[in-house]
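Q: Quick one: the structure is below, questions incoming.
The values are calculated or read from the model by the stated rules, or taken from the named source; none is laboratory data. Just so it is clear, the structure is predicted and the values come from calculations on it, not from any experiment. Cβ placement follows ideal geometry from the backbone for every residue including glycine, while neighbour counts extend to all protein chains displayed. Please note that ligands, DNA and RNA were not included when accessible areas were found on the heavy atoms of the full protein model with its side chains. Shrake-Rupley method; radii C 1.70, N 1.55, O 1.52, S 1.80 Å.
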Amino acid sequence: MRTVELKTEGRVLLKQCGIAKSFFSRFKGLMGRTSLSEQEGIVFPQCNSIHTFFMRMPIDVVLVDAKGVVVGVEENLAPWRLLLPRKATRHVLELKAFRSRELGIKPGMALVVEGAWA
């Protein structure tokens, strides 16, 4: 899986943001992982819902529109949950639990992930 930086307004938020574009990378996602580092995340382009089945840790889920603007944030989503499609969501970013708060990610914020939506 290719990794790039997650940025906002010229500032790097994460250094290792994976882009899940292939069938396998989208299918696997974070399943089986026991942790994420502070500098890791995974983006699912052209995706408007996710599940946390078979995951071993809670995560933050950032919902992003077609232009890269955050439309919602779900903090600390536990394993074995389903996040149904949300209006205007076109991409999903998964982070370590509570990391979105630490990074200041909130609705209305513009994010850049080169190769995903930028």
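Q: Work out how much length S49 to K106 would gain on full extension: take 0.36 nm times their residue separation and subtract the Cα-Cα distance, in nm to one decimal. Mind dumping the intermediate values first?
A: Numbers: separation 57, 0.36 × 57 = 20.52 nm, distance 1.79 nm.
Computed gain between S49 and K106 is 18.7 nm.
Q: Residues with amide H under 5 Å of L13's amide H, sequence separation 5 or more or different chain, H placed in the peptide plane at 1.01 Å from N; which?
A: The answer is L6, K7, T8.
Q: Is the C-alpha gyration tensor of region 1-78 telling us rounded, prolate or oblate? Criteria: a/c under 1.5 is rounded; beyond that, a/b larger than b/c is prolate, otherwise oblate.
A: Cα axes put region 1-78 in the rounded bin.
Q: Only four residue types carry charge here, +1 at the Cβ of Lys and Arg and -1 at the Cβ of Asp and Glu. Report the dipole size of region 1-96 about the Cα centre in Debye, rounded to the nearest 20. Walk me through the numbers on the way to the answer.
A: Working: 15 positive and 9 negative charges, 65 e Å.
My answer is approximately 320 debye.
Q: With a/c under 1.5 counting as rounded, go ahead and sort region 56-96 into rounded, prolate or oblate using the C-alpha gyration tensor (a ≥ b ≥ c being the square roots of the eigenvalues; past the cut-off, prolate if a/b is larger than b/c, else oblate).
A: Since a/c reaches 1.5 and a/b is larger than b/c, the shape of region 56-96 is classed as prolate.
Q: Next question, about the same structure. Could you calculate the contour length gain from M1 to A97, that is, 0.36 nm times the residue separation minus the distance between their Cα atoms, to one decimal place in nm?
A: That works out to 32.4 nm of additional length.
Q: Using the charge dipole of region 1-46 (Lys, Arg: +1 at Cβ; Asp, Glu: -1 at Cβ; taken about the Cα centre), state which of S22, V12, S35 has its Cα farthest towards the positive end.
A: Farthest towards the positive pole: S22.
Q: Quick query: amide H of V69 versus all other amide H atoms, modeled in the peptide plane; which residues come in under 5 Å with a sequence gap of 5 or more or a different chain?
A: L111
Q: Using only the alpha carbon atoms of region 38-118, find the Kirkwood hydrodynamic radius as the inverse mean reciprocal pair distance, in angstroms to one decimal.
A: It works out to 12.5 Å.
Q: Given a 1.4 angstrom probe, I'd like the percentage of the accessible area of the chain that is carbon and sulfur, rounded to a whole number. Show your work: numbers first, answer last.
A: Working: 3460 of 6370 Å².
Percent of accessible area from carbon and sulfur atoms in the chain: 54.
Q: Please list, in order along region 66-72, the HN-Hα scalar couplings obtained from phi with the Karplus expression 6.51 cos²θ - 1.76 cosθ + 1.60 (θ = phi - 60°), rounded to whole Hz, x for Gly and Pro.
A: 4, 9, x, 9, 5, 10, x
Q: For region 1-103, what does the accessible surface come to per residue with a 1.4 Å probe? Please give it in Å². Don't skip to the end; give the middle numbers.
A: Working: 5630 Å² over 103 residues.
Per residue, region 1-103 has 55 Å² of solvent-accessible surface.
Q: If amide hydrogens are placed 1.01 Å from N in the peptide plane, which non-local residues have theirs closer than 5 Å to the one on A97?
A: Amide H neighbours of A97, under 5 Å, 5+ apart: D60.
Q: So what's the back-of-envelope 222 nm ellipticity for the chain, counting only DSSP H runs of four-plus at -39500 (n - 2.57) apiece and dividing by all residues, rounded to 500? Don't skip to the answer; put the middle values down first.
A: Values: 2 runs with 11 residues, N = 118.
Result for the chain, helices only: -2000 deg cm²/dmol.
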